[in-house]
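The values are calculated or read from the model by the stated rules, or taken from the named source; none is laboratory data. Remember, it's a predicted structure, so these values are computed and weren't measured experimentally. Every residue, glycine as well, gets a Cβ built from its backbone with ideal geometry; the counts of neighbours run over all protein chains shown. SASA here: full protein model, heavy atoms, side chains in, ligands and nucleic acids out. Shrake-Rupley method; radii C 1.70, N 1.55, O 1.52, S 1.80 Å.
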Amino acid sequence: MSRGSESNRSAFFSSRRAFLQSLVTAGAALPLLPASFESLQDAHAAEVKNDKINVMNPIFSRTEREHRWTAVRRIMAKPQWNLDAILAPASSDTAYPRYLTQIGGRGGSADVIFPRDDSKPVPALVSTARNRIFWENRLNAWRSDGKLVIGQGEGSKSIAGQFKNLGLNKAGTRIGVVKLSGSRFDPEGLVSASFLENLKTALPGVQFLSIEKWGADAGPIDEPAMIKSAEEHEVIRHAVAAGENAIETIRRAARPPARHQGDIWLPTFAAMFAATGEDPTRLSIALDVEANATLGAPTDDPLKEGQIISEEIDATAQGYRAQVNHSIFVGGTKTPGHEYYRAAMATAIKLFHDCVASIVPGKTTCGELVDYYAALVETSDAEDRSGVVLHSSGIANLSRPRLGPANSRGESDIVIAPGMTFDFKPAIRMKRSAVQDVTKENRVVQIGEHVIVSATGVTRLGKRELKPLTTDG
């Protein structure tokens with residue numbers, strides 16, 4: 001073995017030992033933490049418990065099903081849409097089948113046909129018999145009345161057969177197709193050209209239409225998904241709590257013997273999974289740069305005293321993501337660079353409170369909020385580095401609105417309404433004329449907290465104190 005190879009091997013095992021020790025230090029160990037859904041009637045029945053793990057099955061009630069199905073059908077009937085059915089393919093964005101049926105996550109997705117006529121059943125086609133059995137056993141509340149029918153089939157031939165069985169194969173029938181084109185994400189769509197051509201051949205005269213747009217009239221699924229129900233609020237609270245636990249996990253893990261970003265990323269991922277039983281939608285941890293710079297991946301970036309850790313933390317509960325953010329200083333109050341970090345965080349936290357306090361539910365638009373934020377940043381001797389400053393919760397990318405001062409302004413006219421939940425997350429760099437960092441360029445800090453909008457105001461969902469955090473605390 002060469003000297004270089006021996007050196008690399010030694011470094012690998014040293015880093016591995018550091019990581020294993022950080023797991024213990026951070027307390028990120030299984031068994032998984034118990035879920036807390038006491039406010040949902042059937043939550044306890046939905047938990048299958050053993051000595052190792054709490055496994056959560058789909059928990060939304062039939063009342064929740066009727067709430068969202070009615071809202072979707074109401075918009076389908078509007079003149080600008082006038083849809084006879086919606087097709088949400090498993091091969092496209094799986095957030096949409098999950099919103100309509102709860103089918104998704106590690107158990108796989110489904111091809112869902114959602115008729116506007118509520119006397120017709122909603123077929124959900126899964127690829128194999130074992131997938132069908134898996135979901136039938138977990139979705140009794142939604143399918144026992146015959147309105148949701150889980151079947152087996154795959155591809156355009158099976159879907160065309162279902163349209164014919166439902167009487168949705170006549171010329172002139174209008175079918176909305178999820179992600180035929182997109183808005184903020186996937187503007188050119190995710191639907192296979194051959195898949196669509198096969199459907200057109202099997203269903204001559206049927207029209208296949210895009211169902212997603214920018215703005216308030218976002219589409220028959222995107223629009224109602226913006227306003228969350230009480231049951232959705234409960235799972236978002238759970239995701240936020242898991243995110244706050246992740247912040248503390250990072251703070252504890254970013255101590256010796258941790259040497260790299262990956263040494264804090266993996267125990268944090270494990271803690272997030274432990275808290276909800278589901279893969280986090282996103283965990284991006286960066287050192288001395290914007291939180292999204294590492295693209296959600298573990299890296300070998302060196303971890304050093306005096307750095308600023310920033311993150312995008314999206315824990316996932318029942319498929320719902322809910323982001324939180326909190327820059328952390330590596331070291332203590334005497335470590336060089338802490339004074340800049342403290343001053344910048346104080347400014348970011350004030351921006352958060354001032355902006356959230358300015359919201360008038362049912363009146364303030366998303367564009368007005370982010371413009372107010374941008375103006376406050378200018379008067380705070382700071383530079384905006386947020387990109388997106390308002391980041392809604394929801395299933396994967398079915399989490400709108402999402403925008404910033406110069407990002408996704410097609411969402412500007414959406415009114416911030418009761419029921420909405422979102423992360424408001426100022427990210428700033430202080431101007432050197434106000435305060436100077438120990439580095440050549442002032443670094444970015446970020447604070448982000450999830451809020452819920454009611455008729456009377458805006459309330460934080462998190463419980464942690466919004467203050468500067470150090471790893472030595």
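Across region 443-460, which residue is nearest to THR335 (Cα to Cα) among those that are open to solvent by 20 Å² or more (accessible area, probe 1.4 Å) and of a type outside the set (Ser, Thr, Tyr)?
The selected residue is ARG460.
Does at least one position in region 336-343 carry a residue that is open to solvent by less than 30 Å² (accessible area, probe 1.4 Å) and either without any contact (Cβ under 8 Å) to a residue 12 or more places away in the chain or among the β-branched types (Val, Ile, Thr) (or both)?
No, the conditions are met nowhere in region 336-343.
Considering every residue within region 420-430, establish whether at least one is without any contact (Cβ under 8 Å) to a residue 60 or more places away in the chain and either open to solvent by 10 Å² or more (accessible area, probe 1.4 Å) or of a type outside the set (Asp, Glu) (or both).
Yes, there is a match, as at least one residue in region 420-430 is without any contact (Cβ under 8 Å) to a residue 60 or more places away in the chain and either open to solvent by 10 Å² or more (accessible area, probe 1.4 Å) or of a type outside the set (Asp, Glu) (or both).
Out of the helices (runs of 4 or more DSSP H) lying entirely within region 91-148, which hold 2 or more residues that are at negative phi and open to solvent by less than 40 Å² (accessible area, probe 1.4 Å)?
Here the list reads 95-101, 129-138.
Which numbered condition trips up SER183, out of (1) in contact with a Leu (Cβ under 9 Å, 6 or more places away or on another chain); (2) polar (S, T, N, Q); (3) open to solvent by less than 30 Å² (accessible area, probe 1.4 Å)?
(1)
Looking for whichever is under 16 Å from LEU87 (Cβ atoms) and small (Gly, Ala, Ser) here; the options are ALA218, ALA202, ALA129. Which one fits?
Step by step, each of ALA218, ALA202, ALA129 is checked, and only ALA202 is under 16 Å from LEU87 (Cβ atoms) and small (Gly, Ala, Ser).
Note down all Cβ pairs under 6 Å where the first residue falls in region 278-294 and is closer than 16 Å to ALA239 by Cα and modelled with pLDDT of 95 or more, the second is among the basic types (Lys, Arg) and open to solvent by less than 40 Å² (accessible area, probe 1.4 Å), and they're at least six residues apart or on different chains.
Pairs found: THR281/ARG321.
Check off (1) at pLDDT 95 or above; (2) under 30 Å from LYS213 (Cβ atoms); (3) surrounded by fewer than 24 Cβ atoms within 10 Å (Cβ to Cβ) for ASP381 and give me the number that stays unchecked.
Just one mismatch for ASP381, condition (2).
Among the residues of region 186-206, write down those that are polar (S, T, N, Q) and open to solvent by less than 70 Å² (accessible area, probe 1.4 Å).
Passing the criteria: only SER192.
Every residue in region 427-473 that is in contact with a strand residue (DSSP E or B) (Cβ under 9 Å, 6 or more places away or on another chain) and within 20 Å of GLU234 (Cβ to Cβ), please.
Scanning region 427-473 gives GLU449, HIS450, VAL451, ILE452, VAL453, VAL458, THR459, ARG460, LEU461, GLY462, ARG464.
Select from region 239-269 the residues that are aromatic (Phe, Trp, Tyr) and open to solvent by 40 Å² or more (accessible area, probe 1.4 Å) and list them in ascending order.
Once the filter is applied, which keeps residues that are aromatic (Phe, Trp, Tyr) and open to solvent by 40 Å² or more (accessible area, probe 1.4 Å), region 239-269 yields only PHE269.
All but one of (1) in contact (Cβ under 8 Å) with a residue 40 or more places away in the chain; (2) part of a helix (DSSP H, G or I) hold for ALA374; state the number of the condition that does not hold.
Exception for ALA374: condition (1).
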